[in-house]
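Asker: Sharing a structure below in structure tokens format, with a few things to ask.
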Amino acid sequence: MDKRLNVTVKILLVFWIVFCIGYAILMYDEIPSALNAPERHYPFGKGDLGWSYASVENYVISSGILGTWFTLGGIISILAWKYPKYRIYVLFHCISIFMYIIWVNLKYS
């Protein structure tokens with residue numbers, strides 16, 4: 001592999017590691033705030049915001065699932081640093097997250 005391409009891939013991996021771990025921390029941090037004061041921060045049961053906002057329990061479950069998904073992405077990205085064959089899994093993780101973001105924006109905008 002070309003040396004500049006290898007450096008570029010490693011820079012992108014660092015970006016993806018920071019993004020995934022940061023978003024996982026954010027999702028896990030949402031769980032206690034949703035449980036402690038749900039009426040202050042979240043519109044549960046109001047409007048058509050989807051399954052996640054139907055109840056506090058659904059929000060906690062979906063936050064846990066998303067946090068786990070981003071933790072998994074961070075771990076795979078760390079493994080891809082040493083083992084280049086895992087880079088295809090990082091690409092799959094990245095594409096699936098972008099597809100999810102596009103789907104949510106199209107559905108709820």
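No value in this document is a laboratory result; all are computed from the given coordinates. Note that this is a predicted model, so its numbers are computed, not measured. Positions of Cβ are backbone-derived with ideal geometry, glycine not excepted, and every protein chain shown enters the neighbour counts.
Asker: Which value, in debye to the nearest 20, describes the size of the charge dipole of the chain about its Cα centre when Lys and Arg Cβ atoms bear +1, Asp and Glu Cβ atoms bear -1, and nothing else is charged?
Answerer: 640
Asker: With an 8 Å cut-off on Cα pairs and a minimum separation of 6 or more residues, tell me the relative contact order of the chain in percent.
Answerer: Worked out over the chain, it gives 29 percent.
Asker: Still on this structure: Take Glu39, Glu57 and order them by how many other Cβ atoms sit within 10 Å, fewest up front.
Answerer: Ascending Cβ contact count within 10 Å gives the list Glu39, Glu57.
Asker: At 1.306 mPa s and 10 °C, plugging the Kirkwood radius over alpha-carbon pairs of the chain into Stokes-Einstein gives what diffusion coefficient in µm²/s?
Answerer: 102
Asker: On a C-alpha basis, how far is the centre of the stretch 42-109 from the centre of the stretch 19-35 in Å? Whole number, if you could?
Answerer: 12
Asker: For the chain, what does -39500 (n - 2.57) per DSSP helix run (n ≥ 4), summed and divided by total residues, give at 222 nm, in deg cm²/dmol to the nearest 500?
Answerer: -28000 deg cm²/dmol
Asker: Further question on the same structure: Gain in length, Lys107 to Lys85, computed as 0.36 nm per residue apart minus the alpha-carbon separation, to one decimal in nm?
Answerer: 4.5 nm
Asker: May I ask which residue of Asn105, Leu91, Ala37 lies farthest towards the positive end of the charge dipole of the stretch 17-109, with charges of +1 (Lys, Arg) and -1 (Asp, Glu) on Cβ and the Cα centre as origin?
Answerer: Value computed over the given set: Leu91.
Asker: So, one more: When ranked by the protection proxy of mean other Cβ atoms within 10 Å per residue, highest first, what sequence do the peptides 74-84, 4-14, 88-98 form?
Answerer: Result, highest mean first: 74-84, 88-98, 4-14.
Asker: A further question on this structure: Enter the angle in degrees (range 0 to 90, nearest 10) between the Cα long axis of helix 56-82 and the first principal axis of the Cα atoms of the chain, meaning the one along which they spread out most.
Answerer: It works out to around 10 degrees.
Asker: When the Karplus curve 6.51 cos²θ - 1.76 cosθ + 1.60 is applied with θ = phi - 60°, which whole-Hz ³J(HN,Hα) does each residue of the stretch 92-109 get, with x for Gly and Pro?
Answerer: 4, 4, 4, 5, 5, 5, 5, 5, 5, 5, 5, 4, 5, 5, 5, 6, 10, 10
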